[in-house]
Amino acid sequence: MVLVIAIRNEYDGFTQSLPEPAMTTATFEDIPGTYVFTGERAIEGRHLNRFCMSLMSALNRARFKADERAYLDEWAMSEAQKQAVIKRDFKSLLEHGGNIFFVLKIAAVDGRPTQSVAASFAGQSTEEYAAMMRSGGRNPAGLRSVSGRF
Amino acid sequence: MARISAGIGSSHVPAIGAALDSGRSGHPDWAPIFAGYEWTRNWVAEQKPDVIILVYNDHASAFSLDIVPTFAIGCAESFAPADEGWGPRRVPIVQGHSRLAWHIATGCVLDEFDLTIMNEMKVDHGLTVPLSLVLGQPSEWPVKVIPLAVNVIQYPTPTANRCYRLGEAIARAVQSYPEDLNVQVWGTGGMSHQLSGERAGLINREWDTRFLDQLSADPDALRTMSHEEYIREAGSEGMELIMWLTMRGALGPRIRELYRFYHVPASNTAVGNVVFTPED
């Protein structure tokens, strides 16, 4: 890691260098299956995430449940985003700019626990996933780096 | 004069609040967690803090993506629990300390830390679950709380070093407040967890343990750690741990570690709790 920023903290005498900041999504792409919600993703997911936030209102939840397609068509979302919502394809939602804490509101409408959504990302059943968590969670070995640098 | 007497680190897993609220705290999945917090619960009851500055993050509850403050301080008189999709948690309304909050906001901004001032804000599990873990289920919270919300869900998030230095700036402001107040700073979130992608369910016990060791004895190592390293090792949501550095920064260079608890899992997450006091 290249060290480019030297900070002198006048209060505590801290003089160590800080790591080079990650400026783009690409910096995080070496971490497998990990969607850091950068500005690039925020641009793509702007209307998808606004739709998700609208589900905070009981009235909007009822309208969405009554006719999902009609409700989705009120938002300036791409067809791929709308299809991902209808299919509850959370991986696709994140690939199309969804922020995890916003897309989880769709699961809340369905009364679906977060663990069930988390399990779906890795192709596991909720039971398999819960058992994995009880036995210590998913070990990061082999899942740190696409390039193998870590 | 106001003084910072202690710092507490705590996870803020929403499922812990749900277990407590639905009367399932004795279930084998949850009982070890509540037992692990018992020491902290008793200690804080003895210490009787007047105010807790509670560093946490909002999870798409008070803040949509329309406005994304990096650091926001709650100056309101009170803060109601947010509806996170299942109705608001049935916990007491959080009472603020407007005068101290404004003093900290003033001190920090003039100290070149530009906080967003919140005069109206709902608070989600990020804030209320640590209160429940440490204070139990009273009819009213026995302490005033100043919420300090940190953006960790929309990159760019602040650096670990910036979070630490915010803690130092908060401490300088608190120390210049004239009223005699016993103040604690709590840093919340983490520990290792990732909710999405093929790494969903990631837990890194070894790294979490080292984080706790370094938080106590060598926080500079954590201040200089990159976002990539936090995310790679602790998971995309494990990055919340940078908020523990604000607590650590508020305590000064040397601390005494009074208590540590670590448990896997709470739902998707590793749970950690530490109690520190500052050493002169």
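On the given criteria, is A:Gly142 of a type in the set (Gly, Ala, Ser) and under 17 Å from B:His193 (Cα atoms)?
Spelling it out, A:Gly142 is indeed of a type in the set (Gly, Ala, Ser) and under 17 Å from B:His193 (Cα atoms).
In the stretch A:49-56, is there at least one residue being surrounded by fewer than 17 Cβ atoms within 10 Å (Cβ to Cβ) and more than 8 Å from every other protein chain (Cβ to nearest Cβ)?
no
Return the residue satisfying two criteria in turn: it lies in the stretch B:110-146 and is in contact (Cβ under 8 Å) with a residue 60 or more places away in the chain and of a type in the set (S, T, N, Q), and of such residues it is surrounded by the fewest Cβ atoms within 10 Å (Cβ to Cβ).
Among those that are in contact (Cβ under 8 Å) with a residue 60 or more places away in the chain and of a type in the set (S, T, N, Q), it is B:Gln137.
Can you tell me which of B:Val274, B:Val264 is buried (at least 23 other Cβ atoms within 10 Å of the Cβ) and assigned to a strand (DSSP E or B)?
B:Val274
Just to verify a result, which residue in the stretch A:113-137, among those that are free of Cβ contacts under 8 Å to residues at least 12 places away in the same chain and closer than 20 Å to B:Ser61 by Cβ, is surrounded by the most Cβ atoms within 10 Å (Cβ to Cβ)?
By that ranking, first place goes to A:Ala118.
Condition (residue is buried (at least 24 other Cβ atoms within 10 Å of the Cβ) and either more than 9 Å from every other protein chain (Cβ to nearest Cβ) or part of a helix (DSSP H, G or I) (or both)) applied to the stretch B:191-201: is it met by at least one residue?
The answer is yes, given that some residue of the stretch B:191-201 is buried (at least 24 other Cβ atoms within 10 Å of the Cβ) and either more than 9 Å from every other protein chain (Cβ to nearest Cβ) or part of a helix (DSSP H, G or I) (or both).
For the stretch B:64-99, give me each residue that is under 18 Å from the mean Cα position of the chain (by Cα), over 21 Å from B:Leu135 (Cα atoms) and not aromatic (Phe, Trp, Tyr).
B:Pro69, B:Thr70, B:Ala72, B:Ile73, B:Cys75
Being at pLDDT 95 or above, in a helix (DSSP H, G or I) and farther than 30 Å from B:Glu206 by Cβ narrows it down to one of A:Val117, A:Val103, so name that one.
A:Val103
From the residues in the stretch B:225-247 that are closer than 15 Å to A:Ile100 by Cα and of a type in the set (Gly, Ala, Ser), which one is farthest from the other protein chains (Cβ to nearest Cβ)?
B:Gly238
Among the residues of the stretch A:70-123, how many are within 8 Å of chain B (Cβ to nearest Cβ) and among the polar types (S, T, N, Q)?
Looking only at that region, the number is 3.
What are the residues in the stretch A:18-38 that are at the interface with another protein chain (Cβ under 7 Å from one of its Cβ atoms) and either touching a Gly at 6+ places or on another chain (Cβ under 7 Å) or of a type in the set (Gly, Ala, Ser) (or both), if any?
Result: A:Ala22, A:Gly33, A:Thr34, A:Tyr35.
Hey, B:Leu222 hits all of (1) in a loop (DSSP other than H, G, I, E, B); (2) of a type outside the set (D, E, K, R); (3) out of contact with any strand residue (DSSP E or B) (no Cβ under 9 Å at 6 or more places or on another chain) but one; which does it fall short on?
Result: B:Leu222 fails condition (1) only.
The values are calculated or read from the model by the stated rules, or taken from the named source; none is laboratory data. Everything numeric here is computed off the predicted structure, so don't read it as measured data. Don't worry about glycine lacking a Cβ; one is built from the backbone with ideal geometry, like all the others, and counts go over all protein chains shown.
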